[in-house]
Amino acid sequence: MATNTGFLRALVGGVALGMMALGAPLQVAAEPAAAALTLSEADRTAVFKAAGAVQRKGMWVICVDDPNPGGAVIETVRDLNGDGRPEAVVTEGGTYCYGHSEAGFQLLSQQTNGSWRVIARNSGVPEFLKTHGVGGWPDISVGGPGFCFPVERWNGKTYELNRHEYEGKRCKPPR
């Protein structure tokens, strides 16, 4: 029996977004070859600060205007581009700042001097694909409502829109 993986991704993405809005952690898809890493408490703090988060009521918050913030979390830490330094994905849920996608993310990379820099940010759920841009950076499919997702590619300076995909095939988003 054939499965419709795009439909399942959208369904699972919707469930994940809904759970995230309720405060449940979101699992960010990543390439299997990228091993999970851990951060020291000092690095965790540095990641949140570099992402623009502030502490409120014992949690880190990026969307400071949200009247009911759920808090930001570091969802995954991996070396995504093979340079030997970790990248961290920080996510936060809620419709106030992230609209119908109910989630936002920031991808941060540790620099050679140990500081952290935001490499990408968007509303939606990131999925790191097997295709790559400059320097081995994986393409990012930004999931959310619908079935035709934007895919961003690293050009050496920023992540930019490269194409739209559904089930690994190019598509045209509805207007």
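Bear in mind that the values in this text are calculations on the coordinates, not laboratory data. On a predicted model such as this, the values are computed, not experimentally measured, just so you know. Glycine gets a Cβ as well: all are built from the backbone with ideal geometry, and neighbour counts include every protein chain shown.
Here are the numbers:
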read-out: Burial ranking of peptide ranges 43-49, 66-72 (average Cβ count within 10 Å, highest at the top); value: 43-49, 66-72
read-out: Cross-link reach list, lysines versus LYS57, counting only Cα pairs under 22 Å and skipping chain neighbours closer than eight places; value: LYS49
read-out: Reachable lysines, given that their alpha-carbon falls under 16 Å from the alpha-carbon of LYS157 and they are not under 8 places away in the same chain; value: none
read-out: Cβ-Cβ FRET estimate between ALA36 and LYS57, R0 fixed at 30 Å, reported to 0.05; value: 0.60
